[in-house]
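Contents: one structure, followed by commentary.
The values are calculated or read from the model by the stated rules, or taken from the named source; none is laboratory data. It should be emphasised that the depicted structure is a prediction, and the values quoted were computed from it without experimental measurement. Cβ atoms come from the backbone with ideal geometry, glycine included; neighbour counts cover every protein chain shown. We work out accessible area using only protein heavy atoms, side chains counted, and drop any ligands, DNA or RNA first. Shrake-Rupley method; radii C 1.70, N 1.55, O 1.52, S 1.80 Å.
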Amino acid sequence: MKIAISTESICDLGEELLKEFKIHAIPFNVVLGETEGKDGDITARQLIEYAMQTKKPVRTAAVNSLEYKEHFEKLLKDYDEVIHICPCLEISSTYQNACNAANELDGKVHVIDSRALATGMGAQLIYASRLADAGRSATEIVKEIEERKWHTNTSLALENIDFLYRGGRCSIIALLGANLLKLHPQVLLKTDTGKLVSGKKFRGPLKKWMNDYIDETLRLFHNPDKEMCFLTHTIYDEENQYILEEAKKKLLDYGFKNVYITYAGATIGCHTGKNCLALIYMNDGDHPVA
């Protein structure tokens, strides 16, 4: 049985990892003022710079049921079954749209609510891909992902919360308070409720607060599957790239076998703005694939 692993561009794995693990991603729709495009064709950097320069609205739109059906039907020409992993259903309508499309395809498409975002989904997708390569059935893979998804650490730290406010994810009071005190907040996605909640507040220059965020994440989520973790970011200035390399070394020294550095796509960047960092991994111990 040939099994396709499928998702949306919001997984933030980037072209190389998608290709390496044979993952098929359908892009979100992106709107910059009067211009519409696809996540990937429009990057997070372009979106953020456009929003900062023009002050015009930017937003993303979920994939609709018709687009999903076309995507699944195309995959089913080459595969026997499809496993599709969606972003958390409380955050996006994609899960319901994908389910609507899957219901028309004779049980060949299995849709999973990841309870995650960004490379939280990515960790599940890569694990699913490895299971498929190991010869597991679609039923077995779905069962494993459904069990593990509740242990996905999806957290990030922001330079400021301007873009969260623009996207309706925080109040004006929180915005003014954070900016006045020059705080860099941690935001966590709760897998049980699907809500974004505030965590610790960091201070200081970029390198310091990002390092403090990594320490706090490892403290909070201290039972990682050390097969892999992700540093997903919107750090574009060349002089700050060393921060990511130092963080990668720290995580390798901590014991992670693979540390993937990925740029956030436009769908995530729409809500984070510039200089966001997310350290993401599965927090349920090692799960070797036989």
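Key figures for this structure:
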| read-out | value |
| --- | --- |
| Residues that are open to solvent by less than 10 Å² (accessible area, probe 1.4 Å) and in a loop (DSSP other than H, G, I, E, B), drawn from the stretch 79-107 | P87, C88 |
| The listed residue being under 24 Å from L279 (Cβ atoms), open to solvent by 10 Å² or more (accessible area, probe 1.4 Å) and not small (G, A, S), out of H110, H151 | H151 |
| Test: Y236 is closer than 27 Å to C88 by Cβ and more than 16 Å from the chain's Cα centre (by Cα) | yes |
| Residue that is farthest from C11 (Cα to Cα) [pool: residues in the stretch 113-141 that are open to solvent by 30 Å² or more (accessible area, probe 1.4 Å), part of a helix (DSSP H, G or I) and not polar (S, T, N, Q)] | E140 |
| Residues located in the stretch 49-88, provided they are at pLDDT below 95 and farther than 27 Å from T152 by Cα | E49, Y50, A51, M52, Q53, T54, K55, K56, P57, V58 |
| Enumeration of residues in the stretch 53-75 that are open to solvent by 40 Å² or more (accessible area, probe 1.4 Å) and touching a residue at least 60 places away in the same chain (Cβ under 8 Å) | P57, R59 |
| Residue satisfying condition, being open to solvent by less than 40 Å² (accessible area, probe 1.4 Å), over 20 Å from I141 (Cβ atoms) and either among the small types (G, A, S) or out of contact with any strand residue (DSSP E or B) (no Cβ under 7 Å at 6 or more places or on another chain) (or both), within set I10, I42 | I10 |
